[in-house]
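Input: a single structure, listed below in structure tokens.
The values are calculated or read from the model by the stated rules, or taken from the named source; none is laboratory data. Keep in mind the model is a prediction, meaning the values are calculated, not measured. Because the Cβ atoms are built from the backbone with ideal geometry, glycine has one as well, and the counts that use them run over all protein chains shown.
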Amino acid sequence: MTGANDTTADYLVALGKVQRFPRKEIELCIVKNFLSPVECSKLVPLIDDRRRPSTIADPNGDDYFRTSETCDLDHDDSFVAEIDAKICSFANIDKQFGEPLQGQRYAVGQEFKAHTDFFDPNGQDFQKYCSISGQRTWTFMLYLNAPDAGGATRFTHFKKSFTPETGTMLCWNNRNFDGSVNNWTLHHGMKVRSGTKYVITKWYREKPWPWTVK
């Protein structure tokens with residue numbers, strides 16, 4: 001049984017048309033055709049319009065660790081709000097626990113080296129990012145297109161790569177069953193070799209996100 005701020009792989013698989021990655025160390029699901037090509041194509045120019053250099057929470061001295069671009073999507077846009085609501089409904093997680101949707105753009109040669117989406121409990125910026133809304137719980141990441149070459153998402157501990165497909169969503173729990181952070185979620189947004197890759201990402205938190213709190 002989960003609360004309004006959580007979901008499970010078992011719940012998602014029971015919805016139908018959801019595949020679960022067959023490893024007990026991680027709750028990771030794959031959902032094909034979650035968004036239509038038309039929905040995906042409408043999000044791409046929104047990302048292009050508001051993109052900025054991506055950053056990381058705890059600087060590690062590697063200036064090329066994350067070379068993509070990021071877009072904070074405008075939730076006052078009715079279409080963005082519609083996509084956000086669609087993900088929340090699918091996840092069965094209340095909107096108040098979600099961060100605003102983010103878009104990411106990867107040009108040729110750009111990547112995000114192996115990282116986790118949770119914030120390192122021992123990291124220097126942990127309190128900065130988690131003092132209000134708590135740790136990240138689930139990640140829902142959607143491919144908006146398929147670049148001509150490269151751009152796979154590789155879960156490094158499993159040596160498993162997912163090739164971008166338009167409308168396909170990957171979703172995973174960033175925690176273990178006891179609530180601790182799950183290092184098996186380490187993943188690499190691999191270099192795009194030809195074309196451009198676009199994704200959107202929805203992260204959920206343990207506590208309400210400030211932008212939804214009245």
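Evaluated against (1) touching a residue at least 60 places away in the same chain (Cβ under 8 Å); (2) more than 15 Å from Y198 (Cβ to Cβ); (3) within 19 Å of the chain's Cα centre (by Cα), R23 falls short on exactly one condition, (3).
All conditions in (1) aliphatic (A, V, I, L, M); (2) in contact (Cβ under 8 Å) with a residue 12 or more places away in the chain; (3) farther than 26 Å from E27 by Cβ hold for A81, with the sole exception of (2). Could you tell me whether the range 35-47 includes any residue that is touching a Phe, Trp or Tyr at 6+ places or on another chain (Cβ under 9 Å) and within 19 Å of R136 (Cβ to Cβ)? Among the residues of the range 35-47, not one is touching a Phe, Trp or Tyr at 6+ places or on another chain (Cβ under 9 Å) and within 19 Å of R136 (Cβ to Cβ), which makes the answer no. Taken as a whole, the condition of being out of contact with any Leu (no Cβ under 6 Å at 6 or more places or on another chain), farther than 20 Å from L12 by Cα, surrounded by fewer than 19 Cβ atoms within 10 Å (Cβ to Cβ) and at pLDDT below 95 applies to G123. If A4 passes every condition in (1) part of a loop (DSSP other than H, G, I, E, B); (2) surrounded by 13 or more Cβ atoms within 10 Å (Cβ to Cβ); (3) touching an Asp or Glu at 6+ places or on another chain (Cβ under 8 Å) but one, which one does it miss? So A4 meets the others, but not (2). Tell me, which residue of the range 68-86 that is small (G, A, S) and under 20 Å from K42 (Cβ atoms) is farthest from the chain's Cα centre (by Cα)? Only one residue tops the list, namely S78.
Can you find a residue that is exposed (fewer than 12 other Cβ atoms within 10 Å of the Cβ), within 21 Å of Y198 (Cβ to Cβ), under 17 Å from the mean Cα position of the chain (by Cα) and without any contact (Cβ under 8 Å) to a residue 60 or more places away in the chain anywhere in the range 40-48? Explain how you work it out, then say what you get.
To start, the set of residues in the range 40-48 that are exposed (fewer than 12 other Cβ atoms within 10 Å of the Cβ) comprises 45.
Still in the running and within 21 Å of Y198 (Cβ to Cβ): 45.
From what's left, under 17 Å from the mean Cα position of the chain (by Cα): none.
No, every residue in the range 40-48 fails to be exposed (fewer than 12 other Cβ atoms within 10 Å of the Cβ), within 21 Å of Y198 (Cβ to Cβ), under 17 Å from the mean Cα position of the chain (by Cα) and without any contact (Cβ under 8 Å) to a residue 60 or more places away in the chain.
I'd like to check something: does the range 11-19 contain any residue that is at pLDDT 95 or above, out of contact with any Gly (no Cβ under 8 Å at 6 or more places or on another chain) and of a type in the set (V, I, T)? Yes, because at least one residue in the range 11-19 is at pLDDT 95 or above, out of contact with any Gly (no Cβ under 8 Å at 6 or more places or on another chain) and of a type in the set (V, I, T). Scanning the range 87-117 for residues that are surrounded by fewer than 21 Cβ atoms within 10 Å (Cβ to Cβ) and more than 15 Å from the chain's Cα centre (by Cα) gives S89, N92, D94, K95, Q96, A107, V108, G109.
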